Structures are given as C-alpha cells and as structure tokens.
Amino acid sequence: EPLTLTELAADAARLIDELAGEPVVWVGLSMGGLIGQELALRHPDKVKGLVLANTTSGYTPAGREAIAERIATIDAHGLQAISTGAMHRFFSEAFRTQQAAAVSRHQRLLEATDPEGYTACAAAICEADFSGKLHKVRVPSLVISGSLDESLPPDTAIALARAITGAQLVTLQGCAHLSAVEQPLAFAEVVGEFVAGL
C-alpha cells in the first residue's frame, strides 16, 4: 500500500513512546519537518516543542511535479541518476567547493538508500497540505530556513511560521537545504536557545 504521512507520524509516535516515554522536542528537517507537523496535529501529547527546518506546509504544483519526476527517474534508473542534482539542491555552491568530502559522503549515503523506501516517502510528502490546519498546533515552534535554499526558499518558511501561532523564525545565512549540515554550529545554537526557553 502507498505510504502516508499519517503512517510516518504514527511510527514516530510509537518510537517516542518506546525511547522517551514522555513528550519530546521534535526536530525535523525537510521530510522530517512534514512528519513533525503531522505528529503535532495527530499526536499532540507526544510533542512539547517543534523545530521545523527547511520544510513546507505543502508543495506547490511545480514542487509536486518535480518530486514526481524524481520518483519516475529513480524507478527507471536508480538513485544514482538523481544524486548529483540532489547535492546541488542540498548544498550551496560554496559548501560544495570547500567541503567536497562531506558532499561526497552525503551523496554516497543517498545512493545507499533503499530506492523503494525513498520513492514511497517522496510520494507521501508530495501530497502534504497543512494549510488551514497549522493554527491547531499548540506547542512552541521554531521554523528554520536557509538563505540559499532553492528547494524551499525563505518565503516558504515565512509562510509556515505565520501559520503557526507564536512560531519563531530564523534564517541561517549562506546555506541551502541541509542547513544543519552546512551551518551545524549556528543550527545547534538556534535550536539550543529554543529548547532552553521551553
């Protein structure tokens, strides 16, 4: 059966019960941010804080089309066919130049991913649409974006933060989609300050 965000959030809720046994601060980047939104809406008792990094409340038609094209390419040619393009989306040009070994490591990790799992998750997030629902999120929330994120630019983060009552918004400068990798110290500092304030 097709995978859904509802199922991914239910898996996360079970994991929280098993590993933490109490509500957690959910830190989700990209797909993890979409799962976090679903988790906060469907399992609010599992979450005491929400960090949504480089994510969206729902994709535009162009975004859905791009995901569908990636799925079709992977089905036909495997993850290697999209891995170089993914690195260009994931990382800024400066990071790709200065941290080539780190980029290569992430490319290998992507290529080692189970393609069926990757495409199932891609299809699940493609249908995400939390517009009109995020006012129901009742936990402190932090939205993080990367100033150079072409996949989900800062305007996307602004809209997401506005939709969640009282959400904080931080844009990390000089990084693209994987902000936690490009700017790990800044990312950790921002998240640490948010958690300390809960």
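Derivation of every value follows stated rules applied to the coordinates shown; laboratory data play no part. Just so we're clear, the structure is a prediction, and the values are computed from it rather than from any experiment. Note: ideal-geometry Cβ built from the backbone for every residue, glycine included; neighbour counts use all protein chains shown.
The figures follow:
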{"item": "At R0 = 25 Å, FRET efficiency that the Cβ-Cβ distance of residue 22 and residue 133 yields, to 0.05", "result": "0.50"}
{"item": "Cα centre as origin, Lys/Arg/Asp/Glu Cβ charges: the chain dipole, Debye", "result": "420"}
{"item": "Compactness of the chain, expressed as Rg and Dmax over alpha-carbon positions, Å", "result": "16.4, 48"}
{"item": "The chain: antiparallel DSSP beta bridges as a percent of all, rounded to 5", "result": "5"}
{"item": "Sequence-distant residues sharing a close amide H with residue 171 (under 5 Å, placed H)", "result": "145"}
{"item": "Cα centroid separation - segment 143-183 against segment 58-124, whole Å", "result": "19"}
{"item": "Cβ-based net charge around residue 16, under 9 Å, with every Lys or Arg adding one and every Asp or Glu removing one", "result": "-1"}
{"item": "Set of aspartates and glutamates near residue 46 by C-alpha distance (under 19 Å), chain-local residues within fewer than 8 positions excluded", "result": "7, 11, 17, 18, 22, 38"}
{"item": "Kirkwood Rh in Å, taken over all unlike Cα pairs in segment 21-137", "result": "15.8"}
{"item": "Longest exposed-site-free window of the chain, the sites being GluC sites (Glu not before Pro) in a DSSP loop that have at most 14 other C-beta atoms within 10 Å", "result": "1-126"}
{"item": "Normalised contact order of segment 61-122, rounded percent, pairs of Cα under 8 Å and 6 or more residues apart", "result": "41"}
{"item": "Segment 61-122: radius of gyration and largest Cα-Cα distance (Dmax), Å", "result": "12.2, 34"}
